Amino acid sequence: MKYFKIYLAPLFVVIAGFLINCTTTDESSGKNQNAAAGAYDVVAAFINLPVFYSPVELTSPNDGTDRIFIVEQKGIIKQFLNKADVKTAAVFLDISDRVSSGGEMGLLGLAFHPDYKRTGYIYVNYTRRNPSLSTVVARFKLSATNPNVADPKSEEILLTYEQPYDNHNGGKVAFGNDNYLYVSAGDGGSWGDPHGNGQNKKALLGKILRIDVDNTEAGKKYAIPADNPFNGNNQGFKEEIYAYGMRNPWRFNFDRTTGLLWAGDVGQNLTEEVDIIEKGGNYGWNIMEAEDCYRSGNCDKSDLALPIWSYGRSLGTSITGGFVCRDKNLPGLTGKYIYGDYTTGNIWALTYAGKKAVSNVLIAQTRVSTLSSFGEDSKNGLYILNHQDGKIYKLSAIK
C-alpha cells in the first residue's frame, strides 16, 4: 500500500455501504465499471467486540474450533469465537517487542500450517529494524502449557531479506493447495523501483516466493520446491522465486476450489492491477505499470504477463486484493473475485473465465476508506477490515 494512506487528512466518518446506481468509467484504462445488478451494503460484524488496533489480516485455522484471528499491525494477534454476539478477543501472540510498525511496516501476515491441529505451527511476516531494516518470515508454535496461545519465545526465523526503504513490504503469507508457503515481497519501496528489484531475479524483493516449510536443505530452514522455476539454476537467481515483476502485492489469496492464485498489485502513477499469478510469470514491473509501459511509450511486452483487470485513479489509488467468494450467505457472489480499494472504499466483484475477465461490477462503496484487508473464517465467510476505525465488516445483499 502507499504508506497505508495514513498521511492523508483523517476521514472520521462512519462506514456504510450504498448502491451505486449508475455506470462509471475508469478514465485511465477506459474500462467500463458496470453498475451492480444486485448491490450490497457494508455492515458491521461482531458489534460487541472492542475495536482492533490497525488490523491488517483476518484468518482462521482449519482445526474445528471455529475461531477468528486478527492481526494488529503493531505486532499482536488476537483471537475470538466466531459468534455474532462475542464480546471479547484474547491475545494469541504478542511479538510487538521485535516488530517495527508504522506506515507500511509492522506485523503484516499470518498463516496457519495446513495441519495446524497436529503441528501447532503458525507463520508470520513482519518488519524489524534490529539489526537493520528487514522483513522476517518466521514460525511460532503453540505454548506447551496453554494450547490457546502461541509461545513468543518459540520463534524460528526461516527467511529474512533487507529492505532499502520502509514501504512496499508486501507482507502476505499463505499456504497453497500444494501445501507450500507463499510469501509476497514488494519491490523495496521509494518511487519507481530505483534498485530495479522487480526484474532482478537475483533479489527476493518484487516477487512472489514459494518455500517448503516441511523439509529442509543445506543452509536453509526450509526446502526449495522441486518445480520452482529457478530451482537448480547456475545464474545466481534466487530459487525461492515463484513469480516476479511485482511492485507491491499487498494481498494475495488462493481460490481453494480452483487453486488459482489471485493478487492485487498496488500501482505507481496511474493504474491498480489484478493478476492471476502463475509459476515463472513476469508481471512487468518496472517495465510496465499494469498494461502500460512505465517509463516510455514503447516497451517489449512479449514475455510479460498482463493483468486480467486494472483500474485508474478515478476509482482508487491503492488496491486491496481479496477472495474468490465461497460465502454461503452471499450466493449472488459465488465464484466471483471480491476486492476493493484502500483509499476510496470501492468494492468490486470480478467474473473470470477462460483466462480473461468477463466483467467487473461495482457492488458496494464504503464512505470511510482504509479498507486494509478481506478475510475468511473457517466456513468461507467473507469479511472486511477497516484499518482506521479498527472494526470488522461484512457484505449484506440489499433485498
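Of note:
- The one condition from (1) touching a helix residue (DSSP H, G or I) at 6+ places or on another chain (Cβ under 8 Å); (2) in a loop (DSSP other than H, G, I, E, B) that GLY335 does not meet is (1).
- Verdict on GLN268 being under 30 Å from ILE384 (Cβ atoms), among the polar types (S, T, N, Q), touching a residue at least 24 places away in the same chain (Cβ under 8 Å) and out of contact with any helix residue (DSSP H, G or I) (no Cβ under 6 Å at 6 or more places or on another chain): yes
- Criterion (out of contact with any Cys (no Cβ under 8 Å at 6 or more places or on another chain) and either under 27 Å from PHE46 (Cβ atoms) or assigned to a strand (DSSP E or B) (or both)) met by exactly one of ASN298, ASN329, ASN286: ASN329
- Selection within the range 86-138 - within 22 Å of the chain's Cα centre (by Cα) and hydroxyl-bearing (Ser, Thr, Tyr): SER96, SER100, SER101, TYR116, TYR121, TYR123, TYR126, THR127, SER134, THR135
- Enumeration of residues in the range 201-259 that are touching a His at 6+ places or on another chain (Cβ under 8 Å) and farther than 15 Å from VAL183 by Cβ: ARG247
- The set of residues in the range 250-280 being more than 24 Å from LYS201 (Cβ to Cβ) and surrounded by fewer than 19 Cβ atoms within 10 Å (Cβ to Cβ) consists of ASP255, ARG256, THR257, THR258, GLY259, ASN269, LEU270.
- Residue list for the range 123-139, restricted to those being more than 16 Å from ASN167 (Cβ to Cβ), part of a strand (DSSP E or B) and free of Cβ contacts under 8 Å to residues at least 40 places away in the same chain: VAL136, ALA138
- Picking from residues in the range 340-354 that are under 28 Å from GLY259 (Cβ atoms), touching a residue at least 12 places away in the same chain (Cβ under 8 Å) and surrounded by fewer than 22 Cβ atoms within 10 Å (Cβ to Cβ), the one that is nearest to the chain's Cα centre (by Cα) is LEU350.
- Residue under evaluation PRO114, criteria (1) surrounded by fewer than 20 Cβ atoms within 10 Å (Cβ to Cβ); (2) in contact (Cβ under 8 Å) with a residue 24 or more places away in the chain; (3) part of a loop (DSSP other than H, G, I, E, B), criterion not met: (1)
- ASP214 being under 19 Å from PRO114 (Cβ atoms), of a type in the set (Asp, Glu) and either touching a helix residue (DSSP H, G or I) at 6+ places or on another chain (Cβ under 8 Å) or in a loop (DSSP other than H, G, I, E, B) (or both): yes
- Applying the condition of being surrounded by fewer than 20 Cβ atoms within 10 Å (Cβ to Cβ) and of a type in the set (D, E, K, R) to the range 370-388 and asking which residue is nearest to the chain's Cα centre (by Cα) yields ASP377.
- Residue in the range 180-190 that is of a type in the set (D, E, K, R), touching a Pro at 6+ places or on another chain (Cβ under 8 Å) and in contact (Cβ under 8 Å) with a residue 24 or more places away in the chain present: no
- Remark: pairs (first residue in the range 305-327, farther than 14 Å from ASN346 by Cα; second residue hydroxyl-bearing (Ser, Thr, Tyr); Cβ separation under 7 Å; 6+ apart in sequence or on different chains) = ALA305/TYR283; ILE308/TYR352; VAL324/TYR337; CYS325/THR334; ARG326/THR257; ARG326/THR334.
- Within the range 156-165, one or more residues are under 30 Å from LYS202 (Cβ atoms), part of a strand (DSSP E or B) and either under 17 Å from the mean Cα position of the chain (by Cα) or polar (S, T, N, Q) (or both).
- Qualifying residues in the range 301-326 (those that are assigned to a loop (DSSP other than H, G, I, E, B) and touching a Lys or Arg at 6+ places or on another chain (Cβ under 9 Å)) - the one nearest to GLY280 (Cα to Cα): ILE308
Only the coordinates and a few stated rules stand behind these numbers; no lab work does. Owing to the predicted nature of the structure, the values given are computational and were not obtained by experimental measurement. Backbone-built Cβ (ideal geometry, glycine too); neighbour counts: all protein chains shown.
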